[in-house]
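First the structure, in the form of structure tokens, and then the observations on it.
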Amino acid sequence: VWSREEEVRHGTYRPQSSAQLKATLGKDGKISAWRTDYVQSGDAEGETSFIYAIPATSRRHFSYQSNQRDGPWRSVNSTQIGFYNESFIDELAQAAGEDPYQFRRKHLAADSRHLKVLDTVAKRAGWGTPLPEGVGRGIAIVESFGTIVAEVIEATVREDGSPQVLKAWAVVDCGTTVNPLNAEAQIAGGMVMGLSSAIGEAITIDKGAVVQSNFNDYNILKLAGAPAVIDVHFIESGAKMGGIGEPGVPPASPALANALFAATGKRIRTLPLMTQAKA
């Protein structure tokens, strides 16, 4: 049995990933073309759906062989793809001069499950209502493993530059919920895990060796830093049953980054964000 220090320094790690995204806005303010080129080890596309209705899309995956030992992480590759797509569409909404929630609506099929999930989370989170000064609200929606999850995050920035997540909402359509309490725990836990990795979890290498060793230098989200309010709601659509253990993770990091942009005007494109939102 490995000690925690042995596991942190000699285990397998979440795959590194990088992407370039480009898009064109038409005269009607809608996206007319979208292109994603991303580098990631393994098959990085299979479990994540591209949900937006855009006339021309290109998504190219370039695989690489890492010199580190990497392996599957909760939600596998959907967490990276979700961060790329849902951060970028927020940037496109800003370029179009539109509200991020309403901009997403324009690119989802009418009467679709996705639109219902998005509308429900916006309503439950009070999207568009006034917020205290220095607090921002961000939204993201990702379909992965056959389940649609939309999340809204309210966040601010502490004096030391680190983010503080205040409230979080999630609306889920996994088809049919069999065990509601367990499903709620899976989504809430996935959201907190996604926020923790986005905020401060990092493995760094020095002269070929992992620097971190335990919780004193590997920063996971503690109870005091977790959202004071976590609201999880399920839509019983009767659709084919999807997964529940992983889909809560991917929307968390882009929803947080989008909330921090709303609060500070600073766009975050690299994770973990640490103190990137510091004024």
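The values are calculated or read from the model by the stated rules, or taken from the named source; none is laboratory data. This is a predicted model, so every value here is computed, not measured. A quick note on method: Cβ atoms are made from the backbone with ideal geometry, for glycine too, and the neighbour counts reach across all protein chains shown.
Numbers at a glance
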{"item": "Close pairs from the range 47-63: first under 16 Å from GLY82 (Cα atoms), partner among the β-branched types (Val, Ile, Thr) and assigned to a loop (DSSP other than H, G, I, E, B), Cβ under 9 Å, at least 6 apart", "result": "GLU47/VAL76; THR48/VAL76"}
{"item": "Every residue from the range 1-28 that is under 26 Å from the mean Cα position of the chain (by Cα), in a loop (DSSP other than H, G, I, E, B) and of a type in the set (Gly, Ala, Ser)", "result": "GLY11"}
{"item": "Selected residue (criterion: surrounded by the most Cβ atoms within 10 Å (Cβ to Cβ)) from residues of the range 216-243 that are farther than 30 Å from ASP173 by Cβ and free of Cβ contacts under 8 Å to residues at least 60 places away in the same chain", "result": "ASN219"}
{"item": "Subset of the range 41-73 that is in a strand (DSSP E or B) and within 24 Å of ILE244 (Cβ to Cβ) - its residue that is modelled with the lowest pLDDT", "result": "THR48"}
{"item": "Checking THR177 against (1) of a type in the set (Val, Ile, Thr); (2) part of a helix (DSSP H, G or I); (3) within 14 Å of GLU236 (Cα to Cα), the condition it does not meet", "result": "(2)"}
{"item": "Single residue of the range 112-128 satisfying the filter (out of contact with any Lys or Arg (no Cβ under 9 Å at 6 or more places or on another chain) and free of Cβ contacts under 8 Å to residues at least 12 places away in the same chain) that is nearest to SER32 (Cα to Cα)", "result": "SER112"}
{"item": "Search result, residues across the range 247-277 that are touching a helix residue (DSSP H, G or I) at 6+ places or on another chain (Cβ under 9 Å), crowded, with 24+ Cβ neighbours inside 10 Å and either of a type in the set (Val, Ile, Thr) or modelled with pLDDT of 95 or more (or both)", "result": "PRO247, GLY248, VAL249, PRO250, PRO251, ALA252, SER253, PRO254, ALA255, LEU256, ALA257, ASN258"}
{"item": "Answer from GLY146, GLY128, GLY161 - the residue that is surrounded by 15 or more Cβ atoms within 10 Å (Cβ to Cβ) and out of contact with any strand residue (DSSP E or B) (no Cβ under 6 Å at 6 or more places or on another chain)", "result": "GLY146"}
{"item": "The range 174-198: number of residues that are more than 19 Å from ILE81 (Cα to Cα) and buried (at least 24 other Cβ atoms within 10 Å of the Cβ)", "result": "1"}
{"item": "Within the range 149-162, considering residues that are part of a strand (DSSP E or B) and touching a Gly at 6+ places or on another chain (Cβ under 9 Å), the one nearest to MET274 (Cα to Cα)", "result": "VAL157"}
{"item": "Residue list for the range 97-149, restricted to those being closer than 14 Å to ILE235 by Cα and hydroxyl-bearing (Ser, Thr, Tyr)", "result": "SER112, THR120, THR147"}
{"item": "Of residues in the range 76-111 being among the acidic types (Asp, Glu) and in contact (Cβ under 8 Å) with a residue 12 or more places away in the chain, the one nearest to ALA255 (Cα to Cα)", "result": "GLU86"}
{"item": "Tally of residues being touching a Lys or Arg at 6+ places or on another chain (Cβ under 8 Å) and modelled with pLDDT of 95 or more across the range 158-191", "result": "6"}
{"item": "GLY26 being modelled with pLDDT under 90 and more than 21 Å from GLY248 (Cβ to Cβ)", "result": "no"}
